[in-house]
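Here is the structure we will look at, set down as structure tokens.
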Amino acid sequence: MAAPAPQVLTPTPSRILVVDDERSMREFLAIMLTHEGHEVVAAANGAQAIAALRQRPFDLLISDIRMPDCSGIDVLREAKGLQPDLPGILMTAFSSTQTAIEALRSGALDYVSKPFDIDEMKRVIAQALERRHLRDLAPAPGDVATGADDGRPHACDSMIGRGPAMQRVFALIEAIAGTSSTVLVTGESGTGKEMAARAIHRLSQRAERPFVAMNCGALTETLLESELFGHEKGAFTGAMHTTRGLIEQADKGTIFLDELGEMSPLMQVKLLRVLQERRFRRVGGHEELAADIRIIAATNRDLSKMVAEGTFREDLYYRVNVIPVALPALRERREDIPVLARHFVQRFAREMRRPGAELSADALEALLRHAWPGNIRELENVIERAVALEPSASITLASLPDHIQHVAPASAPPMTLVAGPTPTGSSSTATAFPAQGFDLERHVQDIEREYLAEALRRADGVKMRAAELLGMSFRSFRYYAKKYNL
Ligand SMILES: Nc1ncnc2c1ncn2[C@@H]1O[C@H](COP(=O)(O)OP(=O)(O)OP(=O)(O)O)[C@@H](O)[C@H]1O
Ligand SMILES: [Mg+2]
């Protein structure tokens, strides 16, 4: 009985170019990928590969590095010239750190040493296609920050977001960071407002100066005033010393006014004055001090509605809302859930010393279905809990809280689930393509069986529906189900 192979996610069928001078490897990859529903073009050398790339665009290039006519790195470079966004996976039997670095420098997304573990190869391919699929959604790939996990420095620091909504936010942040304009960051709780504010600061010329955050909702009016403006000695009972407020502490830097919507009417007037005149006075002080600060405010409330209701000053609203940065809710950018989830898995796995922690496909599907009212913070907490409570390396559906496990499946799954069985069917490890070959027919049958079983699971055992999911007639499905004893 074949050991259950890891399940990987892959988007819809793609066009893949396989380049290898070794015929058996070309054919092996072609069979494997064709079986997974992809369209494969196999090239025996660099020249053939480039000719194929000139004819039609591809979704993925998989190339050997060492070939007689040219290197796979050259093929990838050439390919990028024709199709800059083409992801490439390079393979080599002569692996060294140097080759790996060179491969990644040449723009390869990933790098695989031969002989490779088939499941590992499948995972790498599925990830490349998934990334490609997600990047297709973005308006200008490569132009703006795309997240922290791909090893390159990013303008927006550790903010992750590959979909178009976050790409727009990153582009906006980059565009406005250099100015000193006041920014109003809006978005539901947990969408990353403070993170965005910090990114703006870090990208600005004020980056070397302090970023001072203040929660306008956390303090009483008197304390807030003293906190913000500071106070003179003896200004009120208990004011033993003259104290600098946050505005002074943030001198030439940025002040982050969080939960601005919670600010009392009196404080709103005082803040308005700072915004208008760039001057302020310490509590109990007479001297006018200059406020050289950039103000970034944030709120999860609808300030324009508060203005209409008379609970927020209209003049202050216009002063603050100079550059609005609206962060989308996570449910409006579900395409970012996989990359965020994996990022958090990696982070908590590192922090909790759980090397190799991974998210299973069914867990990811559940995450993709959940509505995330608490947005990224909620996702972060769910993953932290899952990593902490899961003794094994694999974070499965069962590691997630009940209310996330049991969300009703959407009518169409967001991505296709592909189960990759092991080719030899005899061991759970050591599945590298064996030099003596392997039983392809049996491998194909294993794959067939996995698909049928998965379709039945998804169709809650209703064969008619499972047949539909696999695009086959009920008769064919019944035939296979019988053959595989399902
Ligand atoms: N784009 C992102 N990529 C990675 N992590 C993120 C991103 N946005 C937010 N986070 C993480 O999510 C959590 C919530 O972010 P943040 O505190 O900035 O949100 P917020 O909008 O200020 O929330 P609240 O309204 O509750 O104050 C933080 O731990 C932050 O690190
Ligand atoms: Mg916040």
Among the candidates Arg319, Arg278, residue that is of a type in the set (D, E, K, R), over 30 Å from Arg385 (Cβ atoms) and touching a strand residue (DSSP E or B) at 6+ places or on another chain (Cβ under 7 Å): Arg278
Qualifying residue in the stretch 321-336 (condition: in contact (Cβ under 8 Å) with a residue 60 or more places away in the chain, in contact with an Asp or Glu (Cβ under 6 Å, 6 or more places away or on another chain), assigned to a helix (DSSP H, G or I) and not assigned by TED's automatic domain parsing to the domain that holds Ala175): no
Qualifying residue in the stretch 36-50 (condition: assigned to a helix (DSSP H, G or I) and either in contact with a His (Cβ under 8 Å, 6 or more places away or on another chain) or closer than 20 Å to Ser113 by Cα (or both)): yes
Matching residues, the stretch 247-271, being within 16 Å of ligand 2 (Cβ to nearest atom) and within 21 Å of Glu287 (Cβ to Cβ): Ile255
Per-region count, the stretch 185-229, residues within 16 Å of ligand 1 (Cβ to nearest atom) and either in contact (Cβ under 8 Å) with a residue 60 or more places away in the chain or part of a helix (DSSP H, G or I) (or both): 19
Positions within the stretch 53-77 being surrounded by fewer than 18 Cβ atoms within 10 Å (Cβ to Cβ) and part of a helix (DSSP H, G or I), in sequence order: Arg54, Gln55, Asp74, Arg77
The one condition in (1) assigned to a helix (DSSP H, G or I); (2) not assigned by TED's automatic domain parsing to the domain that holds Gln205 that Arg354 fails to fulfil: (1)
Where a residue in the stretch 27-41 is in contact (Cβ under 8 Å) with a residue 60 or more places away in the chain and farther than 14 Å from Leu129 by Cβ and its partner, wherever it lies, is of a type in the set (A, V, I, L, M) and loosely packed, with under 15 Cβ neighbours inside 10 Å, with Cβ under 9 Å and at least six apart: Phe28/Leu440; Ile31/Leu440
Single residue of Ala459, Ala412, Ala432, Ala366 found to be more than 19 Å from His343 (Cβ to Cβ), modelled with pLDDT of 70 or more and not assigned by TED's automatic domain parsing to the domain that holds Gly190: Ala459
Helices (runs of 4 or more DSSP H) enclosed by the stretch 230-313 - at least 2 residues per element that are under 18 Å from Pro324 (Cβ atoms): 265-277, 303-309
Some residue of the stretch 303-317 being assigned by TED's automatic domain parsing to the domain that holds Ser181, within 12 Å of ligand 1 (Cβ to nearest atom), surrounded by fewer than 17 Cβ atoms within 10 Å (Cβ to Cβ) and of a type in the set (Lys, Arg): no
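The values are calculated or read from the model by the stated rules, or taken from the named source; none is laboratory data. Everything numeric in this text was worked out from a predicted model, so none of it was measured. Glycine also receives a Cβ, built like all others from the backbone with ideal geometry; neighbour counts cover every protein chain displayed.
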